[in-house]
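The values are calculated or read from the model by the stated rules, or taken from the named source; none is laboratory data. The model shown is predicted, which means the values in this text are computed figures rather than measured ones. All Cβ positions, glycine included, derive from the backbone under ideal geometry; neighbour counts span all protein chains shown.
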């Protein structure tokens, strides 16, 4: 995606809907953490391709697992955050590691469709995902997913408030 915030919509929606099985904050932030690679490539003026090894399913799995482990180390902070935003939260190390891997893979899938320089099936050079959808279609899907995610979250907050009364 041209700007990582586009990933928040689909990642938030899928993570929220499947939060019984997916660790929501780990999944969502795994969709962002993978773009550190792109920031470093830009900052260090390394040229093309902008999307390198972390934007592959193989190496992305390692990055995602590492992110899940790092998040597990910061579990008290994550629990505090989830309590603040009033989303029920139960997790374990396995769920966090799997969510990190799935989050990075989800990012690679979206970027594989959007960016021609992503090589999701590395070491294979061809990207069979490239242009399955147009840039406009992907961006609108991401925006719509964000809207649905926000709507579900607000409805959940209203339900919680009604139950407290």
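Values as computed for the structure displayed
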| item | result |
| --- | --- |
| Pairs with Cβ under 9 Å, 6+ apart, first in the range 143-161 and more than 18 Å from residue 31 (Cβ to Cβ), second surrounded by 14 or more Cβ atoms within 10 Å (Cβ to Cβ) | 156/16; 156/87 |
| Considering residues of the range 76-88 that are without any contact (Cβ under 8 Å) to a residue 60 or more places away in the chain and surrounded by 15 or more Cβ atoms within 10 Å (Cβ to Cβ) only, the residue farthest from residue 98 (Cα to Cα) | 82 |
| Number of the condition not met by residue 70 [criteria: (1) within 18 Å of the chain's Cα centre (by Cα); (2) over 18 Å from residue 113 (Cα atoms); (3) at pLDDT below 95; (4) part of a helix (DSSP H, G or I)] | (3) |
| Subset of the range 124-136 [exposed (fewer than 13 other Cβ atoms within 10 Å of the Cβ) and over 17 Å from residue 55 (Cβ atoms)] | 134, 136 |
| Test for residue 119: is it outside any helix (DSSP H, G or I) and touching a residue at least 40 places away in the same chain (Cβ under 8 Å) | yes |
| Qualifying residue in the range 91-102 (condition: free of Cβ contacts under 8 Å to residues at least 12 places away in the same chain, farther than 15 Å from residue 29 by Cα and surrounded by fewer than 19 Cβ atoms within 10 Å (Cβ to Cβ)) | yes |
| Residue 113 vs. criteria assigned to a helix (DSSP H, G or I), touching a helix residue (DSSP H, G or I) at 6+ places or on another chain (Cβ under 8 Å) and touching a residue at least 40 places away in the same chain (Cβ under 8 Å) | no |
| Test: residue 108 is closer than 13 Å to residue 51 by Cα and in a loop (DSSP other than H, G, I, E, B) | no |
